[in-house]
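*Asks:* The structure under discussion is supplied below as structure tokens; questions concerning it will follow.
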Amino acid sequence: MQIRYVITIIGIIAAVSVFYAFISINVTPTVVSLKDGSASESKLLQEPKAIFITRFQTLPGSVGLPLSISIDNARNVLVEGPSGVFVFDQNGAYLRSYASLNDLPYNNTSTYDPHGNRYIIDPSVTDGWITKLGPSGTTLASFGNAGDKDGQFGGLINIDVDNKGNVYVADYANNRIQVFDLNGDHLLSFGGFGFDLGNTPEPTAITVDDSGIYVASEYALQKFEPINFK
């Protein structure tokens, strides 16, 4: 009786081992948002993704609602809001702050791509919240409307374009960043609501350069790796 019981237990353990071996071979890994030891798992994925790098040091005092992010010639990151300009180095350390001399709009309502095309935000229209104009002012494309699906926006948005012409939109009410190609087709979304590293609650400003993607809200300033679009 005892021998039969032991054989049964061994059989169950063997079956479970085979089951988990099958899962490890056939299940596709999920996207890893943090750049830590688990990021090696994300490299198994082929689709483009945004990998979190760092959250910047807490703003000294209150910058208010961040309205603009820019990179200066020394590669420092400048975050501008109603109470002034706050300067960080590339590693996220606070350097200094000073009063703003600019009369800032509520958010970046236009930007240019490397070919001289201009992207304008206008949430007052029913369809085509973002309009792409050629250098001569001709309308080349328009995309986006109200909603929470891919390619739709909620509330305030902020915009920038990378050196390949991809458009990055801070989608405030949907707590995410959306990326579009130069034709306005949706490529991916990342971030999401929450206060963990890599979440993007209520983003109000975004900028992109060859070192990464900078996203700001009144909660945090964060940096993500450049996205590898093939």
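The values are calculated or read from the model by the stated rules, or taken from the named source; none is laboratory data. All values derive from a computational prediction rather than experimental measurement. FYI the Cβ positions are ideal-geometry reconstructions off the backbone, even for glycines, and counts take in every protein chain you see.
*Asks:* Condition check: among the hydroxyl-bearing types (Ser, Thr, Tyr), at pLDDT 90 or above and under 22 Å from Ser124 (Cβ atoms). Does Tyr172 satisfy that?
*Replies:* Taking the combined requirement at face value, the residue satisfies it.
*Asks:* Would a scan of segment 89-100 turn up a residue that is more than 19 Å from Ile227 (Cβ to Cβ), of a type outside the set (Lys, Arg) and free of Cβ contacts under 8 Å to residues at least 12 places away in the same chain?
*Replies:* Quick first cut of segment 89-100, residues more than 19 Å from Ile227 (Cβ to Cβ) only: 89, 91-100.
Right, trim to of a type outside the set (Lys, Arg) and you get 89, 91-95, 97-100.
Going one step further and asking which of them are free of Cβ contacts under 8 Å to residues at least 12 places away in the same chain, we end up with none.
No, that holds for no residue.
*Asks:* Quick one: Tyr168 ticks every box in (1) touching a residue at least 40 places away in the same chain (Cβ under 8 Å); (2) touching a Lys or Arg at 6+ places or on another chain (Cβ under 7 Å) except a single one, so which number is it?
*Replies:* Single failed check for Tyr168: (2).
*Asks:* Here are some residues: Ser142, Ser136. Which one is in the same structural domain as Asn183 (by TED's automatic domain parsing), surrounded by 12 or more Cβ atoms within 10 Å (Cβ to Cβ) and either of a type in the set (S, T, N, Q) or at pLDDT 90 or above (or both)?
*Replies:* Ser142
*Asks:* For segment 173-198, which residues satisfy the criterion of being over 19 Å from Asn117 (Cα atoms) and surrounded by fewer than 22 Cβ atoms within 10 Å (Cβ to Cβ)?
*Replies:* Ala173, Asn175, Leu187, Leu188, Ser189, Gly192, Phe193, Gly194, Phe195, Asp196, Leu197, Gly198
*Asks:* Just to check your reading of the model, which residue among Ile157, Ile130 is closer than 28 Å to Gly81 by Cβ, assigned by TED's automatic domain parsing to the domain that holds Phe86, touching a Ser or Thr at 6+ places or on another chain (Cβ under 8 Å) and surrounded by 15 or more Cβ atoms within 10 Å (Cβ to Cβ)?
*Replies:* Ile130
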